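The structure appears right after this line, and notes come after that.
The values are calculated or read from the model by the stated rules, or taken from the named source; none is laboratory data. Since the structure is predicted, the reported quantities are computational estimates derived from the model, not experimental observations. Cβ: placed from backbone, ideal geometry, glycine included. Neighbour counts: every protein chain shown. Just so you know, the surface numbers come from the protein's heavy atoms only, side chains and all, with ligands and any DNA or RNA stripped out. Shrake-Rupley method; radii C 1.70, N 1.55, O 1.52, S 1.80 Å.
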Amino acid sequence: MQKKVYVPILVLLAGLLAAAGVLLVVVRHLTRGDGAGQAASRQEAESRHLQPATLKIVFPLERPANEAEVIRAVEAKLAQDGFPLKLEITYIPYAQYWNKIWLLAASGEPYDLVVTAYSNIPDLAAKKVLAPLDEALEGYGPSLVKNTPAYAFRGVTVNGRIYGIPRVMPMAEFQSFLQIRGDLRKKYGLPEIRTIAGMDAYLEAVSKHEKDIVPYYYDTGKFLLREYGNAAFLAGGFFNSPIYIDPADPELRIRNTYESDRFRDIMAKMHEWQAKGYAPYPPSVTSQFPDPEQAFLSGQVAATWSVVMKQTERVDDFKAAHPEGELENVYLHPEKPKYLFTAADNILSVLSTSAHVKESVAFVNWLRSSQENFDLFTYGIEGVHYKLKDGALSYEGIPPERRYTPVHWAWDDIRYARFSEHIPKEYAAALRSWDQDAVLSPTLGFVPDLAPVKSEMAQLQVITGEYLPQLYDAGVDWESVMGAFRAKLKDAGIDHVVEEIQEQFDRFREEGGGASGIPGDS
């Protein structure tokens, strides 16, 4: 059985760097010992080789207020720094975003930077939607290469090619969270929630005493994995992935997600909460809350989805509506191992149809090469769109209509990230060191190549899209629907997918990948 090793993130970086043969060309910059001045000089020299270009960027969600004003300031700073780049940003509603990215590439439209995710990098690479970035990073991404952990680049590497620029933020168990109203928990004398029994008590109290508040809404149960069994999902996010590995499994077998006890147990808990009236279902068709996020922020919902950094992004809007209210993260069983499953989450990639691959990389490198550049693109113009109070973000005296809130979760960098004045300093410090006591999952850095099972994966995605909404419903005839679901999965080739990815994962381990590449592990 694999020994669990607790290591600081810097040791993790050193071990994975030794194993990261696929990154030798890019990662060699990490060993040169360049100072900040040398890196800046090299960046300035490289910027002179860029031709004037307009980068066409595609982001999900909606255009933030005051973006035009910020982009003008960004372009002026780029010009000042010797980068002849303009920015043209298109926004696509999230529900349409992932299909639209594929269609943009398939149609040959010359878009450049797009937001991708760890869960869909294998699929997008297999469909040749993305451009490899190895050469561009070597020539135009010195700051990115120098300051992005090697294991994070491994998380966007398929068949030896790098297909994205991962953000650098806390990653260990980053999806194992739920957000609740801390003020409501305290109102009913409940202890901090660390177990599923504590969560049950909170939802019961809200249901009993807060008749105008829905206890639980718009969450698919990811945080329950720490109750019912952790899993590293390998070909999609959470239950949309047909395969997973249990990091504590001594055999490290690829397994069928929908034949696991954790799938059944989480669904059973979701059904229980529906039956008790805690959670309306299905979220996709519930007209009560057309905007689930706003429903939580406005006080209509008492518990909703979260990730490790989400509270820092929500807190200002929440405080504007509830000055005396409190947000709390629910992170079940903190005494259990905190796994570092994956090497990346949100990513900036370049479409394969882009005519500006090196310019795109140069722009992201510029963005993440100084606090000044990062602040401007991420928070706007200081004194106009935000203020700084002892280094913390403050909107005191800034009219709501003058704020600028872009999709910064796509490019965040923990070195430069600023936290709201409403986030306690000790909590911010905990987030900055979140990964330091992580347990390295054997899957760390593994990205399956889905090309050999592309047709099977396409069929599996259609089937899961049809059946998962039914299985989440407490009113479903579970056994009959589950039987039909599993039969269709087998007919579509799920066993072949399991076998193919197992072979790939075994090779990954044999070549020193995952936690086996860390000194002291056995």
FRET efficiency estimate (nearest 0.05) - Cβ-Cβ, K208 to K186, R0 25 angstrom: 0.95
Accessible area of segment 187-314 divided out per residue, in Å², using a probe of 1.4 angstrom: 40
Accessible area of T257 in the full protein assembly, 1.4 Å probe (Å², nearest 10): 0
Beta bridges per DSSP with both ends in the chain, % antiparallel, nearest 5: 65
Entries of K187/K389; K387/K425; K187/K336; K211/K310 with Cα pairs more than 20 Å apart: K187/K389; K187/K336; K211/K310
Carbon and sulfur %, accessible surface of the chain computed with the full protein complex present, 1.4 Å: 52
Proximal aspartates and glutamates relative to K146, as straight alpha-carbon distance under 12 Å, when same-chain residues fewer than 8 apart are discounted: D34, E138
Inter-label distance for A355 and E426, nm, one decimal - labels placed 7 Å from Cα along Cα-to-Cβ: 5.7
Relative contact order (%) - the chain, alpha-carbon pairs under 8 angstrom, separation at least six: 26
Potential extension, E510-A320 segment - 0.36 nm per residue separation minus Cα distance: 63.1 nm
Under 5 Å, built H, 5+ apart or other chain: amide partners of T90: I57, V58, F59
Spatially proximal aspartates and glutamates relative to K269 (Cα-Cα < 13 Å; intrachain offsets below 8 disregarded): D200, D219, E227, D261, D473
Entries in K56/K488; K186/K276; K186/K338 that, when Cα-Cα distance is taken, lie over 32 Å: K56/K488
Label-point separation in nm, K276 to T90, each point 7 Å along Cα→Cβ: 4.7
³J(HN,Hα) computed for each position of segment 298-311 - Karplus, 6.51 cos²θ - 1.76 cosθ + 1.60, integer Hz, glycine/proline x: 8, x, 7, 10, 9, 8, 8, 5, 7, 9, 4, 9, 5, 4
Between segment 279-326 and segment 417-448, the alpha-carbon center distance in angstrom: 22
Solvent-accessible area per residue, Å², over segment 414-487 with all protein chains present [probe radius 1.4 Å]: 43
Förster-model FRET efficiency, 22 Å R0, K77 and Q51, C-beta, rounded to 0.05: 0.70
Among L388, A302, V330 - extreme Cα towards positive end, dipole of the chain, charges at beta-carbon: L388
Protection proxy ranking of 191-200, 341-350, 140-149 - average other beta-carbon atoms within 10 Å, highest first: 341-350, 140-149, 191-200
